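J.: Below you'll find the structure I mean.
The values are calculated or read from the model by the stated rules, or taken from the named source; none is laboratory data. Here the structure is a predicted model, which means the values were calculated and not measured. Cβ atoms come from the backbone with ideal geometry, glycine included; neighbour counts cover every protein chain shown.
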């Protein structure tokens, strides 16, 4: 009797095991894998493949293996002397893009931190309103917003017209198609991306640390440098990454507000896929851009890891 | 030596009719109502009261985090009411310590000195000295997240003491510790007060903590200081119903003033017995009053000859060190007598037994009406 019961329970376990066969569980991850493949791995693979092909006659690619695309990212052939030189135009564009992204990040930080601090120190029921105001521009198309800035600052635009009418200036100040216009546009576009993560870390900041620092003879600047900034570092870094990466590839703002005089990496890539009709070069440039970002992120993560070990 | 004794008598923190009002109109709420007190140098002064009584508000005003709506704070003869916290030679040990999580133990302790721009050598020496003072030498390079609650407490103390403030404010610093650690820290705090010569202002809602550690206690309720005095004065001669109730267990009895004699009075109890009772400061009560008698300052007696009260034992609760007898006295109200246990003394009192209660000398105290 007892023996048959034991046998019964044995088969019950086997049945349960069969019905929940762990070997097929990975099937449940299919949707996630599909999304990852379609939107991340797939396009990257396409770009990587294209970068090793020959350009087609009217755009597109010809399915012939070639490293020309990659070669042209870094070098150019002087057709008169037949020598190989560094592609200084590309490097200049790369440098310009990196510095634009860098200055945008710095500007966004300088303007974004006080804004985030202001919101984080409002009464709790008011903060949502301020955050809402910060995110409103997101609801409008980037191009439209950029043209709106253009309308504001062009020679016959709102600011110049009124400044002249009020007699502040005699002739319009050239603001459009300048570095100032690009900086203004970039700041406007990327400010929310800086404000939100910094706000998130400021909101979590325990203001008793601030009081403790005041109590220990720290003045306002010292409190900011020694306590608030170190304790909100994660938000500042996250905001900087969120601003730096898209700023590196941005092309709408430099083109519309900068007048396309100075080409950026984004414009260069767009050009290769458009008028340039050199998709392999465009693909190679895209991957180069991505590689720069990846290396920057890796360095950051490595440093963070080391800092964490010190803790 | 005479300096020290003179110093003891000198006022360190002088709080002059300080009021603090929050809100306006119907929401108007006076957190502090005309508080005046002079705290002496190197005194262990405790603000005792339930939560919401204004003790933390007063501490924050002394530290400079809040500003009084009315009144002034003076420190060593200087009006510091308008100074921000970082210009006051006053440091705080916060309730949850507020140690900087991005710094080591040593960096935390050195922070105040660094902000005062002391030379590096001096900072290092003082930090070392402070670590020794709170017995934390081995943990100097640890992050604050890597040390226990009791150790954090000691670091917070060391951090506040390192800049050698004139006054140390302690905002319920022991409330997060378990009982054993709290007892240790109570002794530690008294030792530090003695060794540093700094004035300690200590906030707590724990009456036992206040009684064991303080030189003087101010009992606060609803923004007012009800009584200021030594632990013994507060305990033995509470002059307010709230004070008597808040500190220790108490019996309240109705009585009538018969004659006044200095700070003493002869009063008549409901039972008809006449006893001596202490009077609250500056008060000349007359007619019906309430008196308090501590449970351990009364004893059970048989027979009515010595009894001030008579009643019946309703409940006996044995606590080990002592026994509580809950009585119902003639007029129907309750009265508790606490008797200390003694080895070999068998308990002779039985439940339901009729008995008398005799007050010890000076046990009765008249309350302010």
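J.: Which condition breaks for residue A:104 when tested against (1) more than 27 Å from residue A:245 (Cα to Cα); (2) assigned to a helix (DSSP H, G or I)?
T.: Of the numbered conditions (1) more than 27 Å from residue A:245 (Cα to Cα); (2) assigned to a helix (DSSP H, G or I), the odd one out for residue A:104 is (1).
J.: Can I ask one more? From the list B:114, B:122, pick out the single residue that is over 18 Å from residue B:15 (Cα atoms) and surrounded by fewer than 17 Cβ atoms within 10 Å (Cβ to Cβ).
T.: After applying the criteria, what remains is B:122.
J.: Considering only residues that are surrounded by fewer than 17 Cβ atoms within 10 Å (Cβ to Cβ) and touching a residue at least 60 places away in the same chain (Cβ under 8 Å), which ones fall in segment B:67-76?
T.: If the condition is that a residue be surrounded by fewer than 17 Cβ atoms within 10 Å (Cβ to Cβ) and touching a residue at least 60 places away in the same chain (Cβ under 8 Å), then B:74, B:76 are the ones that fit.
J.: Another question about this same structure. I'd like the full set of residues that are at negative phi, surrounded by fewer than 17 Cβ atoms within 10 Å (Cβ to Cβ) and assigned to a loop (DSSP other than H, G, I, E, B), limited to segment B:23-64.
T.: Once the filter is applied, which keeps residues that are at negative phi, surrounded by fewer than 17 Cβ atoms within 10 Å (Cβ to Cβ) and assigned to a loop (DSSP other than H, G, I, E, B), segment B:23-64 yields B:24, B:28, B:50, B:51.
J.: Now for a separate question. Out of B:142, B:117, I need the residue that is closer than 22 Å to residue B:188 by Cβ, within 14 Å of another protein chain (Cβ to nearest Cβ), at pLDDT below 95 and more than 29 Å from the chain's Cα centre (by Cα). Which one?
T.: B:142
J.: Okay, moving on. Check segment A:242-251 and report whether any residue there is assigned to a loop (DSSP other than H, G, I, E, B), surrounded by 15 or more Cβ atoms within 10 Å (Cβ to Cβ) and either within 14 Å of chain B (Cβ to nearest Cβ) or over 14 Å from the mean Cα position of the chain (by Cα) (or both).
T.: The answer is no, given that none of the residues of segment A:242-251 is assigned to a loop (DSSP other than H, G, I, E, B), surrounded by 15 or more Cβ atoms within 10 Å (Cβ to Cβ) and either within 14 Å of chain B (Cβ to nearest Cβ) or over 14 Å from the mean Cα position of the chain (by Cα) (or both).
J.: Right, here's the next one. Residues that are surrounded by fewer than 20 Cβ atoms within 10 Å (Cβ to Cβ), at least 1 per element: which strands (runs of 3 or more DSSP E) completely within segment B:131-226 meet that?
T.: By residue number, B:216-221.
J.: Let me ask another. How many residues, within segment A:223-234, are surrounded by 16 or more Cβ atoms within 10 Å (Cβ to Cβ) and facing chain B (nearest Cβ under 10 Å)?
T.: 4
J.: Being surrounded by 15 or more Cβ atoms within 10 Å (Cβ to Cβ) and closer than 30 Å to residue A:195 by Cα, is that true of even one residue in segment A:81-95?
T.: Yes, that holds for at least one residue.
J.: If you don't mind, there's one more thing I want to ask. Out of segment A:81-122, which residues are over 26 Å from residue A:233 (Cβ atoms) and free of Cβ contacts under 8 Å to residues at least 24 places away in the same chain?
T.: A:81, A:82, A:83, A:84, A:85, A:86, A:87, A:88, A:89, A:91, A:92, A:95
J.: What residue, among those in segment A:275-298 that are in a loop (DSSP other than H, G, I, E, B) and out of contact with any strand residue (DSSP E or B) (no Cβ under 8 Å at 6 or more places or on another chain), is surrounded by the fewest Cβ atoms within 10 Å (Cβ to Cβ)?
T.: A:275
J.: Residues in segment B:11-22: is at least one outside any strand (DSSP E or B) and either crowded, with 22+ Cβ neighbours inside 10 Å or more than 14 Å from every other protein chain (Cβ to nearest Cβ) (or both)?
T.: no
J.: I would also like to ask the following. Show me the helices (runs of 4 or more DSSP H) found entirely inside segment A:150-222 where at least 1 residues are away from chain B (no Cβ under 14 Å).
T.: Passing ranges, in order: A:158-165, A:179-204.
J.: Now a separate question. What residue, among those in segment B:91-114 that are facing another protein chain (nearest Cβ under 8 Å) and outside any loop (DSSP other than H, G, I, E, B), is farthest from residue B:59 (Cα to Cα)?
T.: B:111
J.: Something else now. Failed condition for residue B:136, given (1) more than 30 Å from residue B:15 (Cβ to Cβ); (2) touching a helix residue (DSSP H, G or I) at 6+ places or on another chain (Cβ under 9 Å); (3) within 14 Å of chain A (Cβ to nearest Cβ), with all others met?
T.: Just one mismatch for residue B:136, condition (3).
J.: Report, by residue number, each residue of segment B:65-90 that is in a loop (DSSP other than H, G, I, E, B) and more than 11 Å from chain A (Cβ to nearest Cβ).
T.: Matches in segment B:65-90: B:67, B:68, B:69, B:76, B:77, B:80, B:81, B:82, B:83.
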